[in-house]
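Reading through the structure tokens given below for one structure.
Every number in this text was worked out from the coordinates using simple rules, so none of it is lab data. All figures in this text were calculated on a predicted structure; none of them were measured in a lab. With ideal geometry, Cβ positions are generated from the backbone for all residues, glycine too; neighbour counts draw on all protein chains shown.
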Amino acid sequence: MLSPHEIAKLLLLQETTEVEELDPADLGALVERQLVTLEKRSSSHVRPRLTSRGDALLKAVSRFR
């Protein structure tokens with residue numbers, strides 16, 4: 001089960017993938033659950049992206065808003 005904080009991070013990633021203040025622990029939890037993947041942009045920069053599973057989860061959550 002995701003925490004409200006992790007869901008908020010997914011919502012943030014849905015809006016932008018250039019998130020500088022994303023806690024590595026949160027990011028690790030989202031990657032572990034296959035909701036986010038890390039796209040390597042350069043040798044020192046990775047960009048988090050929602051997976052189809054992460055996108056589906058956010059669509060399901062938005063139905064309850």
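Figures for the structure shown
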quantity: Residues of the range 1-23 satisfying the condition of being acidic (Asp, Glu) and surrounded by fewer than 16 Cβ atoms within 10 Å (Cβ to Cβ); calculated: 15, 18, 20, 21, 23
quantity: Counted residues, the range 24-58 - those being small (Gly, Ala, Ser), buried (at least 17 other Cβ atoms within 10 Å of the Cβ) and out of contact with any strand residue (DSSP E or B) (no Cβ under 8 Å at 6 or more places or on another chain); calculated: 1
